[in-house]
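The values are calculated or read from the model by the stated rules, or taken from the named source; none is laboratory data. Because the structure is a prediction, the values reported are computed rather than measured. Positions of Cβ are backbone-derived with ideal geometry, glycine not excepted, and every protein chain shown enters the neighbour counts.
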Amino acid sequence: MSSEFQRLHLRSPLVGDVLYEADGHVHLAHSVNISEGGILLENLPIIPEINSMPLMFTLPQYPNFSQTNQEILKVLKITSLEKKILRSRARLVRSFEGQSEVEKIFVTKIGCEFVLPTPENKALVAQYVVDFASNILFLLGLFQRSSQLELLRNVAELLGYDAEEKLPILRSRVLHDYQSLESL
(Lines give C-alpha, C1' and ligand atoms only; values in the text may rest on other atoms or scores of the structure.)
Protein backbone atom coordinates (compact mmCIF):
# COMPACT_ATOMS: atom_id res chain seq x y z
CA MET A 1 0.00 0.00 0.00
CA SER A 2 1.25 3.46 -0.86
CA SER A 3 2.45 5.50 2.10
CA GLU A 4 0.17 8.38 1.10
CA PHE A 5 -2.85 6.18 1.88
CA GLN A 6 -1.61 4.63 5.12
CA ARG A 7 -3.14 5.75 8.39
CA LEU A 8 -0.93 7.61 10.82
CA HIS A 9 -2.95 6.78 13.95
CA LEU A 10 -4.82 3.82 15.36
CA ARG A 11 -8.57 4.28 15.20
CA SER A 12 -11.42 2.98 17.31
CA PRO A 13 -15.12 2.80 16.59
CA LEU A 14 -17.06 5.71 18.05
CA VAL A 15 -20.81 5.52 17.69
CA GLY A 16 -22.51 8.78 18.57
CA ASP A 17 -23.83 12.12 17.50
CA VAL A 18 -21.66 14.96 16.28
CA LEU A 19 -22.77 18.56 15.99
CA TYR A 20 -21.09 20.66 13.31
CA GLU A 21 -21.56 24.14 11.94
CA ALA A 22 -21.97 24.96 8.27
CA ASP A 23 -23.43 28.03 6.59
CA GLY A 24 -24.31 29.56 9.96
CA HIS A 25 -26.43 26.58 11.05
CA VAL A 26 -25.77 23.69 13.40
CA HIS A 27 -26.25 20.23 11.88
CA LEU A 28 -26.29 16.71 13.28
CA ALA A 29 -24.11 13.90 11.89
CA HIS A 30 -23.06 10.55 13.30
CA SER A 31 -19.56 9.36 14.10
CA VAL A 32 -18.24 6.02 12.85
CA ASN A 33 -14.70 5.99 14.22
CA ILE A 34 -12.04 8.26 15.66
CA SER A 35 -8.27 8.54 15.89
CA GLU A 36 -5.85 11.18 17.12
CA GLY A 37 -5.80 12.49 13.57
CA GLY A 38 -9.51 12.79 12.87
CA ILE A 39 -13.02 11.45 12.85
CA LEU A 40 -15.13 9.61 10.29
CA LEU A 41 -18.64 11.02 10.00
CA GLU A 42 -21.73 9.72 8.25
CA ASN A 43 -25.19 11.01 7.41
CA LEU A 44 -24.21 14.67 7.11
CA PRO A 45 -27.32 16.57 6.03
CA ILE A 46 -25.11 19.01 4.10
CA ILE A 47 -21.47 18.91 3.09
CA PRO A 48 -19.76 22.07 4.36
CA GLU A 49 -18.00 24.23 1.80
CA ILE A 50 -15.45 25.54 4.31
CA ASN A 51 -11.88 24.48 5.03
CA SER A 52 -12.33 24.12 8.78
CA MET A 53 -15.65 23.46 10.47
CA PRO A 54 -16.33 23.57 14.19
CA LEU A 55 -17.63 20.34 15.63
CA MET A 56 -18.60 18.98 19.02
CA PHE A 57 -18.98 15.39 20.22
CA THR A 58 -18.70 13.25 23.34
CA LEU A 59 -16.23 10.51 24.21
CA PRO A 60 -17.38 7.88 26.70
CA GLN A 61 -14.84 7.20 29.44
CA TYR A 62 -14.66 3.42 29.62
CA PRO A 63 -13.36 1.62 32.68
CA ASN A 64 -10.98 -1.26 32.06
CA PHE A 65 -13.51 -4.08 31.66
CA SER A 66 -11.00 -6.78 32.59
CA GLN A 67 -10.55 -5.12 35.99
CA THR A 68 -14.26 -4.39 36.58
CA ASN A 69 -16.51 -6.68 38.59
CA GLN A 70 -18.42 -8.86 36.13
CA GLU A 71 -21.71 -8.43 38.00
CA ILE A 72 -21.35 -4.66 37.55
CA LEU A 73 -20.48 -5.13 33.86
CA LYS A 74 -23.67 -7.15 33.33
CA VAL A 75 -25.83 -4.17 34.30
CA LEU A 76 -23.63 -1.21 33.34
CA LYS A 77 -25.21 1.07 30.71
CA ILE A 78 -23.52 3.46 28.31
CA THR A 79 -25.68 6.28 29.72
CA SER A 80 -24.10 5.81 33.16
CA LEU A 81 -20.52 6.23 31.91
CA GLU A 82 -18.80 9.56 32.33
CA LYS A 83 -18.44 11.41 29.03
CA LYS A 84 -16.02 14.11 27.95
CA ILE A 85 -17.29 16.79 25.57
CA LEU A 86 -14.78 17.67 22.89
CA ARG A 87 -14.91 20.78 20.78
CA SER A 88 -12.61 20.92 17.81
CA ARG A 89 -12.21 22.12 14.28
CA ALA A 90 -11.89 19.71 11.42
CA ARG A 91 -11.39 19.87 7.70
CA LEU A 92 -12.87 17.47 5.19
CA VAL A 93 -10.27 15.19 3.66
CA ARG A 94 -12.41 13.87 0.83
CA SER A 95 -12.26 15.66 -2.48
CA PHE A 96 -15.53 16.54 -4.18
CA GLU A 97 -13.96 18.09 -7.24
CA GLY A 98 -15.86 17.26 -10.38
CA GLN A 99 -18.93 16.00 -8.52
CA SER A 100 -22.31 17.58 -9.06
CA GLU A 101 -24.55 18.64 -6.18
CA VAL A 102 -26.66 15.53 -6.84
CA GLU A 103 -23.60 13.23 -6.65
CA LYS A 104 -22.59 14.83 -3.36
CA ILE A 105 -25.96 13.82 -1.87
CA PHE A 106 -25.07 10.12 -2.22
CA VAL A 107 -21.83 10.41 -0.25
CA THR A 108 -22.63 8.90 3.15
CA LYS A 109 -19.26 8.93 4.97
CA ILE A 110 -16.81 11.80 5.19
CA GLY A 111 -13.37 11.69 6.78
CA CYS A 112 -12.42 14.79 8.75
CA GLU A 113 -8.94 15.71 9.95
CA PHE A 114 -8.63 17.59 13.24
CA VAL A 115 -7.17 21.07 12.72
CA LEU A 116 -4.75 22.14 15.46
CA PRO A 117 -6.23 19.91 18.16
CA THR A 118 -5.49 20.94 21.71
CA PRO A 119 -3.08 18.75 23.68
CA GLU A 120 -5.98 17.89 26.02
CA ASN A 121 -8.18 16.72 23.12
CA LYS A 122 -5.33 14.70 21.62
CA ALA A 123 -4.73 13.03 24.98
CA LEU A 124 -8.45 12.28 25.48
CA VAL A 125 -8.75 10.70 22.04
CA ALA A 126 -5.52 8.71 22.49
CA GLN A 127 -6.77 7.40 25.84
CA TYR A 128 -10.15 6.53 24.33
CA VAL A 129 -8.43 4.46 21.61
CA VAL A 130 -6.26 2.65 24.19
CA ASP A 131 -9.26 1.95 26.46
CA PHE A 132 -11.37 0.73 23.54
CA ALA A 133 -8.55 -1.56 22.38
CA SER A 134 -8.23 -3.09 25.85
CA ASN A 135 -11.98 -3.58 26.14
CA ILE A 136 -12.38 -5.06 22.66
CA LEU A 137 -9.79 -7.69 23.63
CA PHE A 138 -11.86 -8.44 26.73
CA LEU A 139 -14.96 -8.79 24.54
CA LEU A 140 -13.20 -11.12 22.12
CA GLY A 141 -12.23 -13.30 25.09
CA LEU A 142 -15.89 -13.55 26.11
CA PHE A 143 -16.70 -15.26 22.80
CA GLN A 144 -14.57 -18.18 24.04
CA ARG A 145 -16.83 -18.66 27.09
CA SER A 146 -20.38 -19.65 26.19
CA SER A 147 -21.44 -19.40 29.85
CA GLN A 148 -20.86 -15.61 29.75
CA LEU A 149 -23.56 -14.75 27.16
CA GLU A 150 -25.31 -12.09 29.28
CA LEU A 151 -21.98 -10.40 30.02
CA LEU A 152 -20.87 -10.67 26.39
CA ARG A 153 -24.04 -9.01 25.09
CA ASN A 154 -23.89 -6.15 27.59
CA VAL A 155 -20.18 -5.49 26.95
CA ALA A 156 -20.90 -5.50 23.20
CA GLU A 157 -23.66 -2.94 23.71
CA LEU A 158 -21.40 -0.78 25.88
CA LEU A 159 -18.88 -0.71 23.04
CA GLY A 160 -21.52 0.35 20.51
CA TYR A 161 -22.38 -2.97 18.89
CA ASP A 162 -25.86 -4.37 18.32
CA ALA A 163 -26.13 -6.73 21.28
CA GLU A 164 -29.08 -8.57 19.70
CA GLU A 165 -27.12 -9.55 16.60
CA LYS A 166 -26.44 -13.24 15.97
CA LEU A 167 -23.21 -14.22 17.71
CA PRO A 168 -21.21 -15.19 14.58
CA ILE A 169 -22.03 -11.86 12.92
CA LEU A 170 -21.33 -9.93 16.11
CA ARG A 171 -18.00 -11.73 16.54
CA SER A 172 -17.10 -10.96 12.93
CA ARG A 173 -17.79 -7.24 13.43
CA VAL A 174 -15.80 -7.12 16.66
CA LEU A 175 -12.91 -9.01 15.10
CA HIS A 176 -12.88 -6.65 12.11
CA ASP A 177 -12.71 -3.63 14.42
CA TYR A 178 -9.94 -5.28 16.44
CA GLN A 179 -7.94 -5.92 13.27
CA SER A 180 -8.40 -2.26 12.28
CA LEU A 181 -7.16 -1.26 15.70
CA GLU A 182 -4.01 -3.31 15.66
CA SER A 183 -2.63 -2.31 12.27
CA LEU A 184 -1.47 0.98 10.84
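Being in contact with a helix residue (DSSP H, G or I) (Cβ under 8 Å, 6 or more places away or on another chain), in a helix (DSSP H, G or I), of a type in the set (D, E) and on the phi < 0 side of the Ramachandran plot, is that true of even one residue in segment 113-132?
no
Name every residue in segment 31-53 that is small (G, A, S) and either within 14 Å of F132 (Cα to Cα) or part of a helix (DSSP H, G or I) (or both), in order of residue number. Give the derivation first.
We begin by selecting, within segment 31-53, every residue small (G, A, S); these are 31, 35, 37-38, 52.
Answer for segment 31-53, where residues must be small (G, A, S) and either within 14 Å of F132 (Cα to Cα) or part of a helix (DSSP H, G or I) (or both): just S35.
Is it the case that some residue within segment 54-69 is over 30 Å from Y178 (Cα atoms), in a strand (DSSP E or B) and out of contact with any Cys (no Cβ under 8 Å at 6 or more places or on another chain)?
Initial filter on segment 54-69 (over 30 Å from Y178 (Cα atoms)): none.
No, segment 54-69 contains no residue that is over 30 Å from Y178 (Cα atoms), in a strand (DSSP E or B) and out of contact with any Cys (no Cβ under 8 Å at 6 or more places or on another chain).
Of all residues in segment 143-157, which are of a type in the set (A, V, I, L, M, F, W, C), at pLDDT below 95 and assigned to a helix (DSSP H, G or I)? Step through it out loud before you land on a result.
From segment 143-157, those of a type in the set (A, V, I, L, M, F, W, C) are 143, 149, 151-152, 155-156; that's our starting set.
Subsequent filtering for residues that are at pLDDT below 95 retains 143, 149.
Residue satisfying the conditions is L149 alone.
Suppose we filter segment 39-49 for residues that are in contact (Cβ under 8 Å) with a residue 40 or more places away in the chain, at negative phi and either surrounded by fewer than 18 Cβ atoms within 10 Å (Cβ to Cβ) or in contact with a Phe, Trp or Tyr (Cβ under 9 Å, 6 or more places away or on another chain) (or both); how many remain? Before the answer, list the steps.
Let us first name the residues in segment 39-49 that are in contact (Cβ under 8 Å) with a residue 40 or more places away in the chain, namely 39-44, 47-48.
Applying the additional criterion that residues be at negative phi yields 39-42, 44, 47-48.
This time we only want the ones that are either surrounded by fewer than 18 Cβ atoms within 10 Å (Cβ to Cβ) or in contact with a Phe, Trp or Tyr (Cβ under 9 Å, 6 or more places away or on another chain) (or both), so: 39, 41-42, 44, 47-48.
Count: 6.
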